[in-house]
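Enquirer: Below is the structure I would like to discuss, written out as structure tokens.
The values are calculated or read from the model by the stated rules, or taken from the named source; none is laboratory data. Treat the numbers as computed from the prediction; the structure is a model and nothing was measured. As a convention, Cβ positions derive from the backbone with ideal geometry for all residues, glycine included, and neighbour counts pool all protein chains shown. Heavy atoms of the whole protein, side chains included, go into the accessibility calculation; ligands, DNA and RNA do not. Shrake-Rupley method; radii C 1.70, N 1.55, O 1.52, S 1.80 Å.
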Amino acid sequence: MTDVTDTTTGKRAPTPDDALRIASSDESGPMLSADGVPLKKSLNRALRAQKLRALALTAPLLIFVLITFIAPIGDMLFRSVENQIVQDTLPRTTHALQDWDADSGDLPDEDVYRGLYEDLFLAVEARRHTRLGQRLNYERTGMSSLFRATGRDVGDIGEEQVEALEDLDEVWEEPEFWFELMSSGAETAPTVLDASRTRIAALTGDATSGDIGFEPGAAIAELLPRTTEAYADFAVFTHFVEEDTVAEEEPWEAVKVTLLEELRGEPDLSAYSGPGAAELQAAAELARDLPEISFREAFVDANPNWGTEGTWSIIQTYSPPYTTGYFLTAVDMQKTPDGAALKDQDDRIYGLLFQRTMFMSLVITFSCILLGYPVAWLLANLPMRSANLLLILVLLPFWTSLLVRTSAWKVMLQQQGVINDTLVWLGLVDDASRLVMINNQFGTIVAMTHILLPFMILPLYSVMQTIPPSYLRAAKSLGATNWTAFWRVYFPQTVPGIGAGSILVFILAIGYYITPEIVGGTTGTFISNRIAYHISSSLNWGLAAALGSILLVVVLVLYWAYDKIVGIDNVKLGG
């Protein structure tokens, strides 16, 4: 703790640290407080209580900052790399696709298409396939329509085989029979059900903990593992998502297709004597007579894009749970099987938007300095009564809606607007050659300079108010001219106000999107307009988060550079 000096005697007053040192150095034994506790321990307890009180006082503000500032930034950074929707929606497909070589020129094998059928059938039931298509459509145009169209046709795959099974015996349409068959065995297979719970929870976001009244039997799980897995998915989905009773609902067609596929593989049914043994024997004979389902041909017939390497390359590239794809897109690059690569020249828009945002924000900042400095000087040197009146006029725009102010500039700057009409009336501009001042960079700079000008004037005014007028008089009395006195004496003292106003205006400028959206057109928009578009229109929150993260890093780098060059300690808002 710092020393404290007694103002009456001029001597340094003792501090708690001094007491601790004395208590620690006493050779005759520990000093005791009035209650018999060692003095050192008592002082430590008092200091600890003091720190806890200070923490309790600052805790509400700390919690508020964490909730409203740190947490949103953390969520934005997470969204910029999160990519779990592909893996959660197509778990079997992405697992089987890991060994596929995109450069081989061959399509994935039948196991990949079979996994796609099982995953997509479940995703269609959960109505999540369109979200997956929308996500992949960000990377390859046409993926959204591909998944939407395939979702309508996936239930038709194996339809003839399912009808043949149901025609063979009506029990295959009875929910009670399926429930008893899948529960057969003295022992259960809980791992199968746990895996299904995990898949459904990841796909739908619903909680899947609790009893569902069904446990897959170990005997049937060992005999028909894929069918048991498919039925477990159906059971968990039916109970938690559709909120129906498993034993009263007929299983999906996908469960029956999977059963016929497994029976075609000729499992050893002779060792099974549980419920439905006879029916399984008859179904196995039927399966051997039915034509084998080619899932590849079925998907390619449904949509030829499933027969192209590009479709599967996109799925494989974006199957990991985390991706750099959003950040690569934000810098006009893209992920390929061979690594990151630049996009085509016509598709590179974000680099241009970042450059435009930085350039126009700097121009707006310098415009505010040029216009705001004389106004702030006038406010600081006028009599108090006149200065207060003018200050009200400076603050007046804050009492007007931002949308109204921006719309007013749109009316004034258009070719048939007030400014052009005035210039034509004065004869400065020909009526046929009216100036184009709207829907371009000029219109954005003018409108934003007007909107942000008070944020430059107020810091300058607060700093200028503290500069004694006697400094200029003293400089002039020593022979300095008006310009020399201003440049050598007055201006250096206003630099902290310029720094504070510049930081305020610049940071506000690069984040504006309403004004550029209204008056900017195609050449006057900022990167913030693109971020707003991806959040509200295209719903590409990952790319919006990546663009926002890059913008945040740029601001921090510029802030660091400003601190190194000017010094953040020199920035003042007055006083």
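Enquirer: I'd like the full set of residues that are surrounded by 14 or more Cβ atoms within 10 Å (Cβ to Cβ), closer than 20 Å to Val375 by Cβ and modelled with pLDDT of 90 or more, limited to the range 468-490.
Expert: Once the filter is applied, which keeps residues that are surrounded by 14 or more Cβ atoms within 10 Å (Cβ to Cβ), closer than 20 Å to Val375 by Cβ and modelled with pLDDT of 90 or more, the range 468-490 yields Phe486, Tyr490.
Enquirer: In the range 235-273, which residues are touching a His at 6+ places or on another chain (Cβ under 9 Å) and closer than 20 Å to Glu166 by Cβ?
Expert: Going residue by residue through the range 235-273, those that are touching a His at 6+ places or on another chain (Cβ under 9 Å) are 245-246.
Listed by number, the list holds a single entry, Val246.
Enquirer: May I pose another question? Any idea which residue in the range 126-139 is farthest from Val241 (Cα to Cα), counting only those that are open to solvent by 60 Å² or more (accessible area, probe 1.4 Å) and in contact (Cβ under 8 Å) with a residue 40 or more places away in the chain? Quick ask: steps written out before the conclusion?
Expert: Applying the first criterion (open to solvent by 60 Å² or more (accessible area, probe 1.4 Å)) to the range 126-139 yields 127, 131, 134, 138.
Filter once more, keeping what is in contact (Cβ under 8 Å) with a residue 40 or more places away in the chain: 131, 134, 138.
Values: Arg131: 18, Gln134: 23, Tyr138: 29 Å.
Looking at the filtered set, the residue picked out is Tyr138.
Enquirer: Test Asp88 against the stated conditions and say whether it is exposed (fewer than 15 other Cβ atoms within 10 Å of the Cβ), assigned to a helix (DSSP H, G or I) and of a type in the set (D, E, K, R). Spell out the reasoning first.
Expert: On the way: exposed (fewer than 15 other Cβ atoms within 10 Å of the Cβ): no; assigned to a helix (DSSP H, G or I): yes; of a type in the set (D, E, K, R): yes.
In short, no.
Enquirer: Go through the range 105-123 and count every residue that is open to solvent by 40 Å² or more (accessible area, probe 1.4 Å) and either on the phi > 0 side of the Ramachandran plot or among the aliphatic types (A, V, I, L, M) (or both).
Expert: 2
Table: residues versus (1) under 30 Å from Gly542 (Cα atoms); (2) modelled with pLDDT of 90 or more; (3) in contact with a Phe, Trp or Tyr (Cβ under 7 Å, 6 or more places away or on another chain).
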residue	(1), (2), (3)
Glu125	yes, yes, yes
Gln134	yes, yes, no
Ser145	yes, yes, no
Ala201	yes, yes, no
Asp206	yes, no, yes
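Enquirer: Still on this model: Within the range 362-373, is even one residue under 37 Å from the mean Cα position of the chain (by Cα), of a type in the set (A, V, I, L, M), under 27 Å from Val495 (Cα atoms) and open to solvent by 70 Å² or more (accessible area, probe 1.4 Å)? First the steps, then the outcome.
Expert: Our first condition is that a residue be under 37 Å from the mean Cα position of the chain (by Cα); within the range 362-373, this holds for 362-369, 372.
Filter again for of a type in the set (A, V, I, L, M), leaving 362-364, 369.
Retained after the next criterion (residues that are under 27 Å from Val495 (Cα atoms)): 362-364, 369.
Retained after the next criterion (residues that are open to solvent by 70 Å² or more (accessible area, probe 1.4 Å)): 362.
For the range 362-373, residues under 37 Å from the mean Cα position of the chain (by Cα), of a type in the set (A, V, I, L, M), under 27 Å from Val495 (Cα atoms) and open to solvent by 70 Å² or more (accessible area, probe 1.4 Å): present.
Enquirer: Tell me the residue from Ser313, Ser319 that is in a helix (DSSP H, G or I) and closer than 30 Å to Gly351 by Cα, please. Show your work before the answer.
Expert: Numbers: Ser319 fails: in a helix (DSSP H, G or I).
Matching residue, one of Ser313, Ser319: Ser313.
Enquirer: Can you name every residue in the range 493-542 that is closer than 14 Å to Gly351 by Cα and either open to solvent by 30 Å² or more (accessible area, probe 1.4 Å) or not polar (S, T, N, Q) (or both)?
Expert: Passing the criteria: Thr523, Phe526, Ile527, Arg530, Ile531.
Enquirer: Of all residues in the range 402-426, which are of a type outside the set (Val, Ile, Thr) and either within 18 Å of Thr357 (Cα to Cα) or open to solvent by 60 Å² or more (accessible area, probe 1.4 Å) (or both)? Reasoning before the result, please.
Expert: Here is the first cut: in the range 402-426, the ones of a type outside the set (Val, Ile, Thr) are 402-403, 405, 407-410, 412-417, 420-421, 423, 425-426.
Once the filter is applied, which keeps residues that are of a type outside the set (Val, Ile, Thr) and either within 18 Å of Thr357 (Cα to Cα) or open to solvent by 60 Å² or more (accessible area, probe 1.4 Å) (or both), the range 402-426 yields Leu403, Lys410, Met412, Gln414, Gln415, Gln416, Asp421, Trp425, Leu426.
Enquirer: State which residue is nearest to the chain's Cα centre (by Cα) when the search covers only the range 140-154 and only residues that are surrounded by fewer than 18 Cβ atoms within 10 Å (Cβ to Cβ) and touching a residue at least 24 places away in the same chain (Cβ under 8 Å).
Expert: So the first thing to find is which residues in the range 140-154 are surrounded by fewer than 18 Cβ atoms within 10 Å (Cβ to Cβ), and the list is 141-142, 145, 148-149, 152-153.
Still in the list and also touching a residue at least 24 places away in the same chain (Cβ under 8 Å): 142, 149, 153.
Details: Gly142: 24, Ala149: 29, Asp153: 33 Å.
Filtering first and then ranking leaves Gly142.
Enquirer: When the residues of the range 38-74 are filtered to those that are touching a helix residue (DSSP H, G or I) at 6+ places or on another chain (Cβ under 8 Å) and open to solvent by less than 80 Å² (accessible area, probe 1.4 Å), which remaining residue is nearest to Tyr322 (Cα to Cα)?
Expert: Within the range 38-74, the first condition is being touching a helix residue (DSSP H, G or I) at 6+ places or on another chain (Cβ under 8 Å), and the residues that meet it are 38-40, 43-44, 46-47, 73.
The next check asks that each one be open to solvent by less than 80 Å² (accessible area, probe 1.4 Å); those that pass are 38-39, 43-44, 46-47, 73.
Values: Pro38: 57, Leu39: 56, Leu43: 52, Asn44: 48, Ala46: 49, Leu47: 47, Ile73: 18 Å.
If we take residues in the range 38-74 being touching a helix residue (DSSP H, G or I) at 6+ places or on another chain (Cβ under 8 Å) and open to solvent by less than 80 Å² (accessible area, probe 1.4 Å), then Ile73 is nearest to Tyr322 (Cα to Cα).
Enquirer: Test Leu547 against the stated conditions and say whether it is aliphatic (A, V, I, L, M) and closer than 30 Å to Thr130 by Cα. Don't jump to the end; show me each part of the working.
Expert: Values: aliphatic (A, V, I, L, M): yes; closer than 30 Å to Thr130 by Cα: yes.
Answer is yes for this residue.
Enquirer: Could you look through the range 393-420, keep only residues that are small (Gly, Ala, Ser) and touching a residue at least 12 places away in the same chain (Cβ under 8 Å), and pick out the one that is farthest from Ser433 (Cα to Cα)? Before the answer, list the steps.
Expert: First pass over the range 393-420, keeping only residues small (Gly, Ala, Ser): 401, 407-408, 417.
After this cut, where a residue has to be touching a residue at least 12 places away in the same chain (Cβ under 8 Å) as well, the list is 407, 417.
Values: Ser407: 24, Gly417: 13 Å.
So the residue we want is Ser407.
Enquirer: Go through (1) under 17 Å from Gly520 (Cβ atoms); (2) out of contact with any Phe, Trp or Tyr (no Cβ under 8 Å at 6 or more places or on another chain) for Gly443 and report which single condition fails.
Expert: (2)
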